[in-house]
Amino acid sequence: MATDTHHHHNEHHDEPSWIRKYVFSTDHKVIGIQYGLTSLVFLFFGFCLLMMMRWQLAYPGEALPLLGKWLGEARMPGGVMAPEFYNQLGAMHGTIMVFLGVVPLAVGAFGNYLVPLQVGAQDMAFPKLNMSSYWVYFVGGVVMFASFFVPEGAAQSGWTSYAPLSIVTTPAQSIFRGQTMWLIGMVFLITSSLLGSVNIIVTIVQLRAPGLTWMRLPFFCWAQLVTSFLLLLAFPPLEAAGVMQLMDRLAGSSFFMPAGLVISGKPWEGSGGGSALLWQHLFWFLAHPEVYVLILPAMGIVAEVIANNTRKPLWGYSALVWASAILGFLSFVVWAHHMYLTGMGTAISAFFQTTTMLISVPSIIILTALILSLWGGSIRFTTPMLFALAFLPMFGIGGLTGLPLGLATSDIQLHDTYYVIGHFHYVVAPGTIFALFAGIYYWYPKVTGRRMSETLGKWHFWGSLVFMNTVFMPMFVQGMAGMSRRMYDGGEAYLHNQHVLGFNRMIGVGAWGLGLFQLFFIINFFWSLKRGEKVNDNPWKATTLEWNTPTPPPHGNFTKIPDAYRGPYEYSLPGSDTHKDYYPQWEPDHVAKAGPKETK
Amino acid sequence: MSAHIEIPYNMDERPDTGLYNAKLGVWLFLASEVMLFGALFSSYVLLRTGASTWEAGHLILNWKLAMVNTFVLIGSSVTMVMSWAALKMNNLAKFKLYMGLTVLCGIAFLVIKGIEYAAKFEHGLLPNQSTFMAIYFTMTGLHGLHVIGGMIVNGYLLGPGSKMWATEPQRFTNRIEVAGLYWHFVDLVWIFLFPTLYLLPGK
């Protein structure tokens with residue numbers, strides 16, 4: 001009966017209109033590409049905000065060439081950055097990079113495009129929800145972007161929006177104020193990630209192809225599964241907190257406003273009785289798992305690229321799977337290690353120090369397994385592989401520098417200094433973003449049918465690697481010298497950090513150099529669409545199911561729903577010959593092992 | 001010609017998981033809802049323990065009306081189950097009767113809630129008066145939005161959505177089950193809200 005109605009349905013929808021095909025599409029691949037392009041634009045935008053900030057830090061009080069005049073007197077009086085505008089740039093750089101850039105790229109784009117392909121499904125479990133997830137995200141992005149143009153500009157209280165600052169800044173009870181729009185934008189983004197994560201989990205649990213048992217699932221899918229659970233369960237508390245902050249700003253309540261507050265010499269008019277720490281708890285209950293939302297999909301991508309380019313099975317596949325599941329679980333009980341400085345008490349600090357040390361164990365297991373996977377491999381140094389390889393030490397530096405922040409004693413010295421900025425940027429920028437670049441170079445041929453230029457790719461890689469480190473390595477030195485973050489003048493007013501101020505110029509040059517080398521990527525991305533080398537369906541000689549589709553995959557993905565006959569990384573197994581060193585998941589034994597014939 | 005796409009298990013259970021897609025989906029959604037309201041209840045605990053004074057709900061809120069509302073909502077959960085059971089017994093007329101009652105109960109709940117809110121506004125008991133009033137309005141307001149959301153879904157399933165019964169009865173019955181799971185959750189939240197806000201003594 002169901003088939004009948006579907007048939008009937010189909011006759012009317014042979015060729016969907018252009019709008020249904022490219023704008024309001026329910027095809028997970030189109031949605032993935034929409035997510036990808038939108039988030040890349042936001043990443044670039046967030047990076048531009050950062051490049052402007054670095055000018056002010058490198059040359060405090062000097063007029064910004066060219067752009068200064070163009071941005072208007074309110075933001076840049078006489079071409080010099082106003083402190084309020086600097087704060088907007090800081091808050092929005094963090095917000096945009098995390099919530100509109102990296103997560104939508106890692107989960108919205110990669111997850112949407114690849115998960116159904118890798119599990120051998122024709123689409124996501126709920127295609128219409130998938131489409132609404134993208135559009136809700138899009139609206140959230142527009143709200144965030146538009147907040148730059150309301151009176152007094154965008155949010156200015158950091159990406160963490162700590163109360164009471166976030167409530168008393170631009171306090172008008174109008175929705176057209178930066179912080180209020182930030183909160184409304186976040187509600188949209190949280191709703192979008194809720195729809196997306198439910199979809200990814202149901203797709204992985206329910207739509208796995210015949211024979212694709214749990215332990216035959218590519219590690220990328222495991223990473224997406226754990227990530228989706230984190231998004232599903234960690235984001236709602238921030239939504240609750242966002243609603244409460246909206247109440248504080250719009251309805252005059254005092255959820256986050258303690259009694260007896262005096263703001264600019266005037267007693268606060270609200271009832272008081274709230275708790276500023278409550279915001280921090282709810283915020284970090286999301287924002288720490290969010291770190292793993294940023295890093296797990298990156299690990300998933302790196303695992304795929306490494307297995308393929310070492311031509312070896314991943315070392316410790318089941319250890320990787322278990323470690324990521326434990327990582328996901330533990331990430332819910334480490335949040336207050338962001339709050340040692342608040343005086344929440346030694347007992348609570350002791351608990352969170354313990355859990356924080358514990359969570360480093362699965363992280364190290366994952367990193368170790370990925371490094372050991374290289375051992376004895378005959379490595380192909382393709383552009384995706386270079387980015388994946390660089391991910392390992394970069395994420396390693398980011399992870400290891402986190403340990404002193406996880407221990408209250410050393411954290412009290414380092415808290416809110418540039419050391420923290422260096423630490424988490426190593427995790428996210430040369431860590432996650434390098435992995436995302438690896439993923440773009442690796443799956444680009446499947447999406448477009450053409451390979452990206454290796455030459456431009458290598459320029460992009462080496463430039464990015466050098467300049468990423470130019471930017472972030474000096475921050476550790478500055479931070480250990482006690483230089484605080486969020487300083488409008490880059491710390492110029494303080495005596496104790498004068499000897500490390502020179503690094504601000506070095507970091508500035510690094511940031512602009514990094515920007516310059518991204519042009520290689522942008523040019524490569526568009527040039528290869530038309531001019532890249534044409535490829536067959538499986539150009540990297542890979543084993544997972546997405547390489548069993550026509551290129552680019554049509555609506556419905558597979559010509560025939562595949563069966564999975566083996567695990568995901570059967571490269572160079574004993575008995576395989578020199579003509580074909582890989583057994584794809586979709587080939588039965590008698591085909592896979594039948595000698596020199598290549599798959600199409 | 002676009003390919004013919006059929007998502008598997010959007011109606012029947014997948015043998016190894018024992019679930020159809022929407023059922024797993026709604027359980028995951030409810031898990032996130034538990035975290036949403038869990039965060040609000042945790043906030044209540046943290047704010048209350050940190051406060052020097054706290055109003056007694058039964059002195060400033062109308063606990064009698066809220067008690068009536070509790071029974072209205074529990075009643076609507078019962079009729080919701082009955083409507084699903086009616087479909088299981090192939091009785092569309094009975095389904096419509098019970099689903100109609102469910103929607104009516106939802107309306108009754110909101111009307112009573114509206115009377116309560118109006119009285120609070122009249123007496124100037126607004127969110128800016130105290131943390132208690134703030135959390136009262138936030139939690140009951142958010143719960144009210146969930147009731148409205150559920151009524152929109154239920155109303156759709158009672159009206160235009162019920163056409164699916166003629167073509168895909170199994171799928172339609174699943175939809176009622178999924179909507180029911182959500183509706184029971186909304187009911188459950190209220191069962192926690194009622195004693196927390198209306199009955200607990202002050203300090």
> Quick one: if you stick a label point 7 Å off each Cα along the C-beta vector at B:Ser42 and A:Lys21, how many nm between them?
Replying inline: 4.8 nm
> What shape does the stretch A:290-535 have by the C-alpha gyration tensor, where a ≥ b ≥ c are the square roots of the eigenvalues, rounded means a/c under 1.5, and otherwise prolate means a/b greater than b/c and oblate the rest?
Replying inline: oblate
> Which whole-Hz couplings ³J(HN,Hα) result when phi for each residue of the stretch B:26-31 is put into the Karplus expression 6.51 cos²θ - 1.76 cosθ + 1.60, θ = phi - 60°, listed in order with x for Gly and Pro?
Replying inline: 6, 5, 5, 4, 5, 4
>> Just to check I understand the Karplus step: with θ = phi - 60° and J = 6.51 cos²θ - 1.76 cosθ + 1.60, what whole-Hz values come out for the stretch A:505-521, glycine and proline as x?
In response: 6, 4, 5, x, 4, x, 5, 6, x, 4, x, 4, 6, 6, 4, 4, 5
> Cα convex hull of the protein assembly as shown: how many Å³ per residue?
Replying inline: 169 Å³
>> Quick check: the distance between the Cα centres of the stretch A:237-255 and the stretch B:183-202, to the nearest angstrom?
In response: 20 Å
> How crowded by other chains is A:112-123, given as the mean number of beta carbons from other chains within 10 Å of each beta carbon?
Replying inline: 1
> Between A:His496 and A:Tyr59, how many nm apart are label points set 7 Å from Cα along the C-beta direction?
Replying inline: 3.1 nm
> If you place +1 on the Cβ of every Lys and Arg and -1 on the Cβ of every Asp and Glu, how big does the dipole about the Cα centre of the stretch A:26-254 come out, in debye to the nearest 20?
Replying inline: 360 debye
> Can you give the translational diffusion coefficient of the stretch A:131-179 in µm²/s, computed by Stokes-Einstein from the Kirkwood radius over Cα pairs at 25 °C and 0.890 mPa s?
Replying inline: 210 µm²/s
> Is there a simple number for the mean count of other chain Cβ atoms within 10 Å of the Cβ of residues in A:218-226, and what is it?
Replying inline: 0
>> I need the phi-derived Karplus couplings for the stretch B:48-58: 6.51 cos²θ - 1.76 cosθ + 1.60, θ = phi - 60°, integer Hz, Gly and Pro marked x.
In response: 5, 5, x, 8, 7, 10, 8, 5, 8, x, 5
>> To the nearest 20 Debye, how big is the dipole of the protein assembly as shown about its Cα centre, given +1 on the beta carbon of each Lys and Arg and -1 on that of each Asp and Glu?
In response: 580 debye
>> Report the Rg/Rh value for the stretch A:26-254, based on alpha-carbon coordinates and the Kirkwood definition of Rh.
In response: 1.05
>> When a/c reaches 1.5 or more, the comparison of a/b and b/c decides; with that in mind, is the stretch A:410-474 rounded, prolate or oblate per its Cα gyration tensor?
In response: oblate
> Toward the positive end of the charge dipole of chain A, about the Cα centre and with charges on Cβ (Lys, Arg +1; Asp, Glu -1), which of A:His555, A:Trp586, A:Pro218 goes farthest?
Replying inline: A:Trp586
> Can you give the mean number of other chain Cβ atoms that lie within 10 Å of the Cβ atoms in peptide B:131-137?
Replying inline: 5
> Ignoring ligands, DNA and RNA, what accessible area per residue does the protein assembly as shown give at 1.4 Å, in Å²?
Replying inline: 39 Å²
> Under the Kirkwood approximation for Rh and a Cα-based Rg, what ratio Rg/Rh is obtained for the stretch B:107-203?
Replying inline: 1.12
>> What's the magnitude of the charge dipole for the stretch A:290-535 around its Cα centre, counting Lys and Arg as +1 and Asp and Glu as -1 at the beta-carbon? Answer in Debye, nearest 20.
In response: 1040 debye
> In terms of Cα to Cα distance under 20 Å, which lysines are near enough to B:Lys88, apart from those fewer than 8 places away along the same chain?
Replying inline: B:Lys23, B:Lys96, B:Lys163
> By what distance, in whole Å, do the Cα atoms of the stretch A:238-277 stretch along each of the three principal axes, largest value first?
Replying inline: 32, 20, 16
> Of B:Leu30, B:Met11, B:Ala179, whose Cα points farthest to the positive end of the dipole of chain B (charges on the beta-carbon: +1 Lys, Arg; -1 Asp, Glu; origin at the Cα centre)?
Replying inline: B:Ala179
> Which value, in nm² and rounded to one decimal, describes the direction-averaged projected area of the C-alpha convex hull of chain B?
Replying inline: 14.6 nm²
> What is the distance in Å between the Cα centres of the stretch A:41-72 and the stretch A:513-552?
Replying inline: 31 Å
> With all protein chains present, how much of the accessible area of chain B (probe radius 1.4 Å) comes from carbon and sulfur, to the nearest whole percent?
Replying inline: 70 percent
> Long-range amide H contacts for A:Tyr582: which residues qualify at under 5 Å (H placed 1.01 Å from N, peptide plane, sequence gap of 5 or more or a different chain)?
Replying inline: A:Ser572
> What residues have an amide H closer than 5 Å to that of A:Ile263, excluding those fewer than 5 places away on the same chain, when H is modeled at 1.01 Å from N in the peptide plane?
Replying inline: A:Trp268
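Assuming a ≥ b ≥ c are the square roots of the Cα gyration tensor eigenvalues, decide whether the stretch A:213-329 counts as rounded (a/c under 1.5), prolate (otherwise, with a/b larger than b/c) or oblate. All intermediate terms of the calculation are to be shown ahead of the outcome.
On the way: a/c = 4.50, a/b = 3.78, b/c = 1.19.
It comes out prolate by the Cα gyration axes.
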> If amide H atoms are built 1.01 Å from N in the plane of the peptide, which residues on other chains or at least 5 residues away come under 5 Å of the amide H of A:Thr417?
Replying inline: A:Arg485
> Along the charge dipole of the stretch B:21-199, which of B:Thr49, B:Leu193, B:Met89 sits closest to the positive end, that is, farthest toward it, with unit charges on the beta carbon of Lys, Arg, Asp and Glu (+1, +1, -1, -1)?
Replying inline: B:Met89
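The values are calculated or read from the model by the stated rules, or taken from the named source; none is laboratory data. Just so it is clear, the structure is predicted and the values come from calculations on it, not from any experiment. In this analysis, Cβ positions are derived from the backbone assuming ideal geometry, glycine residues included, and neighbour counts consider all displayed protein chains. Note: areas computed on protein heavy atoms with side chains; ligands, DNA, RNA excluded. Shrake-Rupley method; radii C 1.70, N 1.55, O 1.52, S 1.80 Å.
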